[in-house]
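**Student:** This is the structure I want to talk about, given as structure tokens.
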Amino acid sequence: MAGRRPVDGRASCPAAGERPADPGPVRWTSGGARRRRDPPGRPAVRPARRPLTRLGGEPAAGIAGSALHPPGRAHLLGTDALGRDLLARLIHGARPSLLVGFGATAIALLVGFCAGAFAGLRGGLADLLIVRLVDVVACFPPLVLALAFVAATGRTGLWPMLLGVALSRWTSMARYVRGEILRHRGGDVWVSARAAGAGGGRLVLRHLLPLLAGPLLVMTSFGIAGAILLESGLSFLGFGVDPPTPSWGSILAESRATLDAAWWPVVFPAAALVLLLAALCAAAERAAGSETRGTPLV
């Protein structure tokens with residue numbers, strides 16, 4: 001018994017005839033306080049972050065002696081000419097592509113919807129001017145317009161590229177919304193709503209917009225795919241995000257010089273871009289088929 005130690009770290013058992021020591025005041029802790037102090041998910045969250053951190057890594061950090069390392073256990077997709085992990089650069093490079101794709105499409109849809117609705121509701125000189133502006137903008141390829149906008153701003157980066165892509169893709173939405181307004185203006189629903197005192201904005205938002213939900217969803221899916229492809233083209237030409245921030249287009253541009261020596265820095269970014277565009281186009285086709293058959297999308 002002399003060699004045993006107390007389990008809780010307090011003083012050992014008193015000898016015969018000795019008065020036991022006072023353990024001190026007992027502190028009661030509620031279950032809520034214990035849960036706030038030691039939440040149940042905390043022990044599992046921290047170890048779970050480490051594999052993801054190891055998998056993503058730092059996209060701008062090169063590894064000495066690992067230039068153009070082929071795909072393997074150490075680097076699942078290999079490394080580039082500077083020894084940077086290609087998988088980490090693909091993961092981080094998806095962020096500007098998706099941001100430009102969704103952000104530019106949202107801005108283009110908003111601008112096109114407002115311009116088309118204004119032209120269809122007002123008519124007259126306003127309609128003529130907006131239609132002629134749409135015709136002029138539609139004459140130029142979107143890549144040329146985006147390049148011209150970025151060059152006019154005099155700076156490269158994410159936001160000039162996003163605005164350039166958005167301003168080059170709003171014409172199709174404006175034409176479609178204007179045509180639908182002109183088609184429904186003489187209908188019974190339109191005349192009844194006008195007789196009830198509804199204004200033009202309420203007519204468009206309450207009565208026309210629900211009818212255009214299916215086609216707008218299809219146009220949104222195709223618009224995101226086109227915006228991502230346009231962003232990759234701008235980044236490939238050097239008008240995208242500033243280095244060392246990776247982008248799929250800039251990764252392809254940097255890998256041209258080493259194409260003869262290593263295939264993976266070109267194949268994997270191109271495959272990621274093709275798969276993303278194929279998924280978006282498949283979603284658009286499914287939305288178009290569901291809208292045609294009149295079935296729900298889910």
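**Student:** Binned at 5 Å from 0, what are the whole-percent values of the Cα-Cα distance distribution for region 141-243, short to long?
**Tutor:** 2, 12, 19, 15, 11, 10, 10, 9, 6, 4, 2, 0
**Student:** Sort 105-116, 123-134, 73-84 by the packing proxy (mean of other Cβ within 10 Å over each peptide's residues), most packed first.
**Tutor:** Packing order, densest peptide first, comes out as 105-116, 73-84, 123-134.
**Student:** Along the Cα→Cβ direction, 7 angstrom out, place labels at LEU205 and VAL274. What is the inter-label distance in nm?
**Tutor:** It is 4.5 nm.
**Student:** Obtain the nm distance between the two label points defined at ALA81 and ALA148 by a simple spin-label model: each point lies 7 Å from its Cα along the Cα-to-C-beta direction.
**Tutor:** Once both label points are built, they end up 3.3 nm from each other.
**Student:** Moving to a separate point now. For region 86-293, what class follows from the C-alpha gyration tensor (a ≥ b ≥ c being the square roots of its eigenvalues): rounded when a/c is under 1.5, otherwise prolate if a/b is larger than b/c, else oblate?
**Tutor:** Since a/c reaches 1.5 and a/b is larger than b/c, the shape of region 86-293 is classed as prolate.
**Student:** Moving to a separate point now. Over what distance in Å are the Cα centres of region 231-261 and region 63-133 separated?
**Tutor:** First find each Cα centre; the distance between them is then 13 Å.
**Student:** Given Cα positions, please report Rg to Rh for region 105-157, the hydrodynamic radius being the Kirkwood one.
**Tutor:** 1.07
**Student:** Based on the alpha carbon coordinates of region 223-263, what radius of gyration and maximum Cα-Cα distance (Dmax) apply, in Å?
**Tutor:** Expressed in Å, the Cα Rg and Dmax of region 223-263 come to 11.1, 36.
**Student:** Over region 99-230, what is the relative contact order in whole percent, taking alpha-carbon pairs under 8 Å and six or more residues apart?
**Tutor:** Normalised by residue count, the contact order of region 99-230 is 42 percent.
**Student:** Roughly how big is region 86-293's charge dipole about its Cα centre, with Cβ charges of +1 (Lys, Arg) and -1 (Asp, Glu), in debye to the nearest 20?
**Tutor:** For region 86-293, the charge dipole is close to 620 debye.
**Student:** Quick check: residue separation of PHE102 and ARG194 times 0.36 nm, minus the Cα distance between them. What number comes out in nm?
**Tutor:** Contour length minus the Cα-Cα distance gives 29.6 nm.
Throughout, read-outs are computed from the coordinates displayed, never taken from laboratory work. No experiment lies behind these values; they were computed from the predicted model shown. Note that each Cβ is placed from the backbone with ideal geometry, even for glycine, and that neighbours are counted across all protein chains shown.
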